[in-house]
1. Can you find a residue that is outside any helix (DSSP H, G or I), at pLDDT 95 or above and surrounded by fewer than 23 Cβ atoms within 10 Å (Cβ to Cβ) anywhere in region 27-42?
2. Of the residues Leu192, Leu175, which single one is under 17 Å from the mean Cα position of the chain (by Cα) and either basic (Lys, Arg) or crowded, with 23+ Cβ neighbours inside 10 Å (or both)?
3. Please enumerate the residues belonging to region 347-371 that are hydrophobic (A, V, I, L, M, F, W, C) and either in contact with a Pro (Cβ under 7 Å, 6 or more places away or on another chain) or under 20 Å from Lys396 (Cα atoms) (or both).
4. Could you give me the residue pairs with C-beta distances under 6 Å whose first residue belongs to region 50-61 and is buried (at least 24 other Cβ atoms within 10 Å of the Cβ), whose second residue is in a loop (DSSP other than H, G, I, E, B) and not hydrophobic (A, V, I, L, M, F, W, C) wherever it lies, and which are 6+ apart or on separate chains?
5. With the structure loaded, tell me whether Val298 is surrounded by 14 or more Cβ atoms within 10 Å (Cβ to Cβ) and modelled with pLDDT under 90 or whether it fails that test.
6. So which residues in region 4-26 are part of a helix (DSSP H, G or I), modelled with pLDDT under 50 and of a type outside the set (D, E, K, R), if there are any at all?
7. If you go through region 221-239 one residue at a time, how many are in contact (Cβ under 8 Å) with a residue 60 or more places away in the chain and buried (at least 20 other Cβ atoms within 10 Å of the Cβ)?
8. Residues that are surrounded by 15 or more Cβ atoms within 10 Å (Cβ to Cβ) and out of contact with any strand residue (DSSP E or B) (no Cβ under 8 Å at 6 or more places or on another chain): does region 357-380 have at least one?
Amino acid sequence: MSLVVSRWSLVVSLFFSPSFAQLSELNINPLVNETGARPLGMGAAYVAEDDLNSILYNPAGTAWAKGIELSGKDTTNLSALQVYPFGQGSSFGLAILTNSLSNIPIAGGTADESNNVVHLSYASKLSNLPGLNRLAAMQKVSCGIGIKGLMQQTLRRTGRLDESGSGWEMDAGVLWKGAPWWRLGVSLLNALPANTLGGGKINWNNSTAEAIPSMFKAGGSMQIIGDIYSPVYNEYYGLLAAGEVDFTASQPLIHCGIEADFMDYLFLRAGLMQQKTVNGITADINLGLGYKSDSGGVDIAYYRDPVKDEKNLLISLVYYPQSWIVIKQLEVRRPVLETDDPIEKISLADNLVISEPKLTIFGKAKNEVAVLIDGHPVYVDEDHTFKTRVPLDVGKNLVVVEARWEGESKIWKYKVLRKAQVNLAQKDQLIQREIETMVTLGVVEISGKAGFNIDAGITRGELAAWIAKANGLPIPAVERPNEIVSKAEGEAIFKSLEN
């Protein structure tokens, strides 16, 4: 038993070192930066997400990200993030942060604090490793590492000499996309034990050094409502839920949040975020709002800052450069393009109305993009064009076009209405549209290539069936042809319609 306890103590001492002696009274850890309006709007439950902000929460998530983000709550607390993908599910990330707080209440007076931090990160899918590139499952797993440099940490306190320090640390993480609608992530922030390779500590100008405390994050996220891969399909609304536990030297902290989207461009967020303050652990409700387009967006978060224990408003501006073409040269493969629009052109338009029994779909896809229509693969020629014919039912049809590349997929859904073809005499052309509508809706049935004669007579049974179908009433199966339905049976049908 004593051996087990001693080993656990060794693990704790290596990865969850005590807080900074110089900064503990301010509750500051300059190399754990939970910022970004989207993460904070969701309670900072972000270890299983995969966008720009993953640089700060789990570097493995940047394997699926690209773009530029600028965030700030005022002119002295700013961050700039960039993720540049360079093919085959690999990416390079850069983050520059500057933080400054003044008039922080402490025993005997106040304190001012400021720091500048630089993050460098690299992430890649496991399919890039030799021997794993043929395994489709490895496209769903990414690993990432980050190197963080504390360029300058300054501390001014009432009645004490000003102090400054610097140091560096490392982050590591793994992200697993188990399915298109759920994922799991783990990360270890400040992974280096003190004095390892000269890192894991802050070196102060008074010739002292302090260990940098670590934080282990584990959690997941689920797209509960969303596209056809989600448990609940909805074309117009979506709901994402995320949660994680952050393990520190003091006690675990719980983060959870939700994000509701409307038409995939307007987002409402809320989250519960536990934080450590000088007065203990607090649990606060964070709120967020976002707007997103193909080229960028803006996010706003309302949250509590744990250092001064006050509410703040953070704004993030995001830009997705459409001109970033990602190329990786291989001897036996063409360059790989990884962009937000894997299909450049397509002949389809939403709410399309046609009369033909088959719809011809053609277009052009980016290099090495696989195209599926209604779940069936479509042959893409060497010039990246494709053409196929899709059978349609009379009435409403939903045509689903999917592009797959780099283990990812993007889906477009098009509504197509196939009108029935009706042959009318020349003198009846003026009412052809009305007749075709009745046939399309199934009110009037035309078998085979038979035409529709507006002057032809109909039986009482046929008329009753038309009236019932037009009113959406169920029609019982008739075992005998309409022309031999008895008068009594016809009267009974009309009586049931009147009731």
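The values are calculated or read from the model by the stated rules, or taken from the named source; none is laboratory data. All values reported here derive from a predicted model rather than from experimental measurement. Here Cβ is always computed from backbone atoms with ideal geometry, including for glycine, and neighbour counts include all displayed protein chains.
1. Going residue by residue through region 27-42, those that are outside any helix (DSSP H, G or I) are 27-36, 42.
Those still in the list that are at pLDDT 95 or above too: 36, 42.
Then drop every residue that is not surrounded by fewer than 23 Cβ atoms within 10 Å (Cβ to Cβ), which leaves none.
No, region 27-42 has no match at all.
2. Residue meeting the stated conditions: Leu175.
3. Scanning region 347-371 gives Leu348, Ala349, Leu352, Val353, Ile354, Leu359, Ile361, Ala365, Val369, Ala370.
4. If the second residue must be in a loop (DSSP other than H, G, I, E, B) and not hydrophobic (A, V, I, L, M, F, W, C), the pairs left are Asn53/Gly36; Leu56/Asn33; Tyr57/Tyr46; Gly61/Glu49; Gly61/Asp50.
5. Numbers: surrounded by 14 or more Cβ atoms within 10 Å (Cβ to Cβ): yes; modelled with pLDDT under 90: no.
No: the conditions fail for Val298.
6. Kept after step one, since they are part of a helix (DSSP H, G or I), are these residues of region 4-26: 4-15, 24-26.
Cutting the leftovers down to modelled with pLDDT under 50 gives us 4-15.
Val4, Val5, Ser6, Trp8, Ser9, Leu10, Val11, Val12, Ser13, Leu14, Phe15 - these are the residues of region 4-26 that are part of a helix (DSSP H, G or I), modelled with pLDDT under 50 and of a type outside the set (D, E, K, R).
7. 1
8. Yes: region 357-380 contains one or more residues that are surrounded by 15 or more Cβ atoms within 10 Å (Cβ to Cβ) and out of contact with any strand residue (DSSP E or B) (no Cβ under 8 Å at 6 or more places or on another chain).
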